[in-house]
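The values are calculated or read from the model by the stated rules, or taken from the named source; none is laboratory data. Because the structure is a prediction, the values reported are computed rather than measured. Cβ coordinates were reconstructed from backbone atoms using ideal geometry, including for glycine residues, and neighbour counts include every protein chain displayed. Ligands, DNA and RNA are stripped out before the accessible areas are found, and what is left, the full protein with its side chains, is counted by its heavy atoms. Shrake-Rupley method; radii C 1.70, N 1.55, O 1.52, S 1.80 Å.
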Amino acid sequence: MTAPMGTGDFMILWLSSFGFILFCRVAPVVALRGRPLSPRVVDALGYIPPAAFAALVANDLLSPGMFSAGPWTGLMPLVAGGVVVLVAWRTKSMLWCCVAGVLAYVLLSLL
């Protein structure tokens, strides 16, 4: 059995992690200050927000134990997500996507 981590050890770990993360976020900004980015890089950076959002949504929709409570309980989020995709395709409105998703999930949970 190992001893619990002391305050000094925790502070060393936390400060070194904080410093590394800060360096990784600040170094590119400082290195690229005043330089224009190529159009290919700008196009590639444009894919980051949708990819991050898709990862968050997929993490909420798909889980290892999603069908443990039954097939309908596991399919409800997927069907509600399908409704949101259809509404997004037709309206291109975040407000209507949110409203449709919540309503679809509530209505499906009543079945």
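At a glance:
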item	result
Residues being on the phi > 0 side of the Ramachandran plot and open to solvent by 40 Å² or more (accessible area, probe 1.4 Å) - total across the range 69-93	1
First in the range 21-35 and surrounded by 10 or more Cβ atoms within 10 Å (Cβ to Cβ), second anywhere and among the aliphatic types (A, V, I, L, M), Cβ under 8 Å, 6 or more apart	none
Helices (runs of 4 or more DSSP H) within the range 1-105 that include 2 or more residues at pLDDT 90 or above and in contact with a helix residue (DSSP H, G or I) (Cβ under 8 Å, 6 or more places away or on another chain)	71-91
